[in-house]
Each structure stands twice: as structure tokens, then as C-alpha cells.
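Heads up, the thing below is written out as C-alpha cells.
The values are calculated or read from the model by the stated rules, or taken from the named source; none is laboratory data. The shown structure was predicted, so the numbers you read here are calculated from the model rather than taken from an experiment. Here Cβ is always computed from backbone atoms with ideal geometry, including for glycine, and neighbour counts include all displayed protein chains. Ligands, DNA and RNA are excluded from the accessible area calculation, which covers all protein heavy atoms including side chains. Shrake-Rupley method; radii C 1.70, N 1.55, O 1.52, S 1.80 Å.
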Amino acid sequence: MNTKIKPDWAGQGLLSQFVNLLINTKPIYSLMKQQARQVMIKTAEKNGVAWRKNYEKLEASGIKEKLTEVVNPNVVYPEYYKVPFHAYSEGNLCWKAAFEAPSATYAMGLRVWPKEKITWQTANHRLRSSFHEVLGTYVTQDVQDILDIGCSVGISTLEIHRYYQQKQNHPVNTIGLDLSPYMLSVAKQLDVDNEISQWLHTQAENTGLANESFDLVTLQFVTHELPSFASQAIFQEALRLLRPGGCFAIVDNNPKSPVIQNLPPVLFTLMKSTEPWSDEYYMFDIEGTLQTIGFEVLTTVSTDPRHRAIVAKKTIL
């Protein structure tokens, strides 16, 4: 039975320090970054995700000229957000990252069930619906207003919006929030039926949105991409934004997952080379932090072989 609380390759151990040394050696890091990209693209295209065609379609769509429609000129980008990330030297603040993000997102589920002969569509549906099932169990109040923080190109936002639209007998107001205007531009393009009320370019730590204006706030596959101080600030902001009885739901990599803990050295090294805050994430006590801030943690549950969901509630005073 697995009892480790985190992978050996993350944190302050010798293995982790050795991997970090490799990553901090520039020629080796450059090679790792390129290898990570190639692994991602090959996995996607081998399983039917038209990576290059999707990119070309977005590049030719004319959305570059519409960037000003999304950009919030008052946004100040935190230093942690400006570091190289996901094999892009500009992180998420570039068109290349935004144009490749849909394909990378579609392919994400394939890594969860690599030995099963399933399509990327099936894998993506499993990935999303497993999280929605947890929400269906633990979020018992009516949901009228949803905020999806770190929404990227909006795939998570559209999926959760549609889930609640089908689940309930009234319209749902959903906002997708992200710090990258490039990602949000793609999100608007993918939202062909204008299902989402607003694609909001602002800091998640300081949204400027009204107190107690949401029934559900989600953070989907984002926390592992953040330093722990930023996550804590976002948790605090989520508490402010939720109505009493509202829920904050996180889904992300599961540090206790045997799959995550037993990744081959090549894969965990490549992953760490493109995820600068991995060590902090795997050492971060999310549940304890949520409780300290003032949430009631309702559950932490595995949603699939690689991920966990954490649902917390803003208690009614």
C-alpha cells in the first residue's frame, strides 16, 4: 500500500536536488525543454489530436488583431508569471503558447490512461466528468454564478458551465478568468456560441469582483503551476468572492498517486523542466491552508489515476 505523501523526485531530497541541478544547467535545460515539447506533440498527434492544423487554424483566424478587446491595461504581471513555463520562454504571455494550448489540453487525458485504446475525446470526457461527479456529490446548494480561475483557453470553463446548465433548471452565469490575454483571446474564439458571460483578464489574487458574488469558484489544473504564496492568496480571494455556503473546488495532480510517484526518470525530469513550481506544489498542504484561511474542507478524493479533487465550503456564519 502506498504511504508516501509526495514523489521522491519533488521537494528537498537528494533525487530532487539532482534533477534541479540538471534543469539549472542551461545547455541541458534547453535540450530538456525541446524534448518535452516533442514528447507532448508526438503523443497528441499519434492519438488523433491535429496539433499543427489546430495551430494553423487559430493563427489564420484573425484573433491577433482583436487582442485589445481582451487586454486589461491595468494588469500588472507578477514576477512568478513571467518565468519560462511549459517550454515557452515567455511562459503563457505569447501567441505560440495560446495557439498550442487547445491541443495540449485535449491530449492531457491521454496521459491518464496511456495503456487504454481510447480516443482523446473519450479521455477528455473522463477527465472532466470525474471532477464534475465530485462536485455533484459535495456541492449541494444551488449554483447560479460560477468563476473558473486560471481558465486558460476556456475548455474547463465551457465544460463546467455546460455541466451545470444541464444539471439545473435555470440559466447559469459563468466567468472565465486568466492572466494571459493571449489565452483569453483563444477562449473567446472557441466560445462560438457565446456561452460564457465574460472572459476576464485580471489577477486571480485580486480580481476586483464584488464580495460574495459566486456560488462556486473552481481552480482546475492550475495550483501546480503556482508558487505556494500565490495559491494561498488566490484561496483567500476565493473565500471573499463566495457567498456563504458556496464552494471552492480544486482539481490537480495528486501527490499521493502511485502513477505520479513512479514516473520514469526521463518523464519526471522533463515535467520538472517545464513546471518551475513543481517542488513547491508537491510540498504544499492545500487542505491545511484552506482551513487556516477559514474554509471547511469537505473532501479530498482521487478523481483518476493521476489527479485529486479538493472541495471546500465557505461556512455560514
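Computed values, structure above
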quantity: Selection count where residues are within 16 Å of D8 (Cα to Cα), in a helix (DSSP H, G or I) and open to solvent by 10 Å² or more (accessible area, probe 1.4 Å), scope the range 235-267; calculated: 6
quantity: Tabulated pairs, the range 82-98, first on the phi < 0 side of the Ramachandran plot, second assigned to a strand (DSSP E or B) and open to solvent by less than 40 Å² (accessible area, probe 1.4 Å), C-beta under 7 angstrom, 6+ apart or interchain; calculated: N92/F85; C94/Y88; K96/Y88; A97/Y88
quantity: Answer from E212, E296 - the residue that is closer than 23 Å to I146 by Cβ and in a loop (DSSP other than H, G, I, E, B); calculated: E212
quantity: Residue ID - farthest from the chain's Cα centre (by Cα), chosen from residues in the range 136-155 that are outside any loop (DSSP other than H, G, I, E, B) and within 20 Å of E237 (Cα to Cα); calculated: D145
quantity: Count of the range 77-117 residues which are of a type in the set (S, T, Y), open to solvent by 10 Å² or more (accessible area, probe 1.4 Å) and under 17 Å from the mean Cα position of the chain (by Cα); calculated: 5
quantity: Counted residues, the range 197-223 - those being touching a Ser or Thr at 6+ places or on another chain (Cβ under 7 Å) and either over 20 Å from Y182 (Cβ atoms) or free of Cβ contacts under 8 Å to residues at least 12 places away in the same chain (or both); calculated: 3
quantity: Any chance S129 is part of a helix (DSSP H, G or I), in contact with a Lys or Arg (Cβ under 7 Å, 6 or more places away or on another chain) and more than 19 Å from F248 (Cβ to Cβ); calculated: no
